[in-house]
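Chemist: My structure is below; once you've seen it, I'll send some questions.
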Amino acid sequence: MSELAILDLTPDQALGFRFRVTTRHGGVSTGPFASLNLSPAVPDNQAAVQENRRRALAALGLTPQRLIGAEQTHGNGVAVVGPEDGGRGVLPDSPPVPGVDALLTAEPGLFLFVQVADCYPVAIFDTRRRAVGLAHCGWRGTLAGLPANIVRIMADTFGSRPDDLLVVIGPGIGPCCYEVGPDLAGQARAKLPDPDRAIHRRAERTFLDLPAAIIQQLRATGLPESRILNRASCTACNRTTFYSHRAAGGLTGRFWAVAGWAGP
Ligand SMILES: [Zn+2]
């Protein structure tokens, strides 16, 4: 497969919302970045990245002015953005929203994006107030409480109630492939509500189930289980479809996850 394909993870029950991810196919990058690397922050050819972004925007049906990216610092920071932020992280000389790993907006037609390769894109919709959020959840942000922070800030900013939220978890490194060392396992054990369900031992090795960790945190904020859709496929198992930092030994590209409310 070499054609540019957009995978649609939009849930049926979320009318007007969109949650889509790109794959690694359909771009012009070569070598470890082949071929649709969308991140200028990895040592890929920058002209190739710009061409890939142009193609991805066309396939998504978006102009750069309607897209906003976060800096992604592996923390728990969340920023609320509006039309004045359009193009941040995409337009030339317009850096991404600094110091945060999640963005929220209630502006119709404005789309949020994160760049991932094993970390989980997590989209959250308020189906009543029509606010939307998108987070980049790796182990650091997750253990720092990013998933719970988003729910809290949506409640404070938009008056969102847990019963009206709908969460979709996109592709990331699965519990099948995410082996972790004793240090990280210890941190996860100390910080997660129910660590035994997120840390697994197999053949003397320890694996972290990040979606389980994210879901536990969301459940702890009062979100019903029925409102959390785990659409995660493992990036390392599916390295021919997605970029996987772990499976590639660190040198690889990033794909986009994009979420927004298209409008009434
Ligand atoms: Zn896997």
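The values are calculated or read from the model by the stated rules, or taken from the named source; none is laboratory data. In this text the structure is predicted, and so the values were computed from the model without any measurement. Ideal geometry is used to build each Cβ from the backbone, glycine not excepted, and the neighbour counts take in all protein chains shown. Quick note on the areas: whole protein, heavy atoms, side chains included, nothing else; ligands and nucleic acids left out. Shrake-Rupley method; radii C 1.70, N 1.55, O 1.52, S 1.80 Å.
Chemist: Can you spot a residue in segment 17-30 that is without any contact (Cβ under 8 Å) to a residue 24 or more places away in the chain and assigned to a helix (DSSP H, G or I)?
Modeler: No.
Chemist: At least 1 residues that are away from the ligand (no atom under 16 Å from the Cβ) and open to solvent by 50 Å² or more (accessible area, probe 1.4 Å) in each: list the strands (runs of 3 or more DSSP E) lying fully within segment 132-228 that qualify.
Modeler: Ranges flagged: 199-202.
Chemist: Another question, if that's okay. Say we look at segment 229-251 and pick out the residues that are outside any loop (DSSP other than H, G, I, E, B) and within 16 Å of the ligand (Cβ to nearest atom); which of these is surrounded by the most Cβ atoms within 10 Å (Cβ to Cβ)?
Modeler: C234
Chemist: Taking the conditions exactly as written (under 19 Å from the mean Cα position of the chain (by Cα) and farther than 25 Å from A232 by Cβ), does G99 satisfy them or not?
Modeler: Spelling it out, G99 is indeed under 19 Å from the mean Cα position of the chain (by Cα) and farther than 25 Å from A232 by Cβ.
Chemist: May I pose another question? If only one of G69, G87 is without any contact (Cβ under 8 Å) to a residue 24 or more places away in the chain and closer than 30 Å to G31 by Cα, which one is it?
Modeler: Exactly one of G69, G87 is without any contact (Cβ under 8 Å) to a residue 24 or more places away in the chain and closer than 30 Å to G31 by Cα, namely G87.
Chemist: Taking the condition of being among the small types (G, A, S) and assigned to a loop (DSSP other than H, G, I, E, B), how many residues in segment 252-264 meet it?
Modeler: 3
Chemist: Could you please find all residues in segment 35-61 being free of Cβ contacts under 8 Å to residues at least 24 places away in the same chain and closer than 16 Å to G250 by Cα?
Modeler: P40
Chemist: Which condition from (1) touching a strand residue (DSSP E or B) at 6+ places or on another chain (Cβ under 8 Å); (2) open to solvent by 80 Å² or more (accessible area, probe 1.4 Å) is the one that R254 breaks?
Modeler: Only one criterion is unmet by R254, namely (2).
Chemist: While we're looking at this one, here's another question. With crowded, with 19+ Cβ neighbours inside 10 Å and assigned to a helix (DSSP H, G or I) as the only criterion, which of N76, N52 stands out?
Modeler: Only one candidate qualifies: N52.
Chemist: Turning to a different aspect of this structure: Say whether the condition of being closer than 22 Å to H245 by Cβ and of a type in the set (A, V, I, L, M, F, W, C) is met by at least one residue in segment 153-167.
Modeler: no
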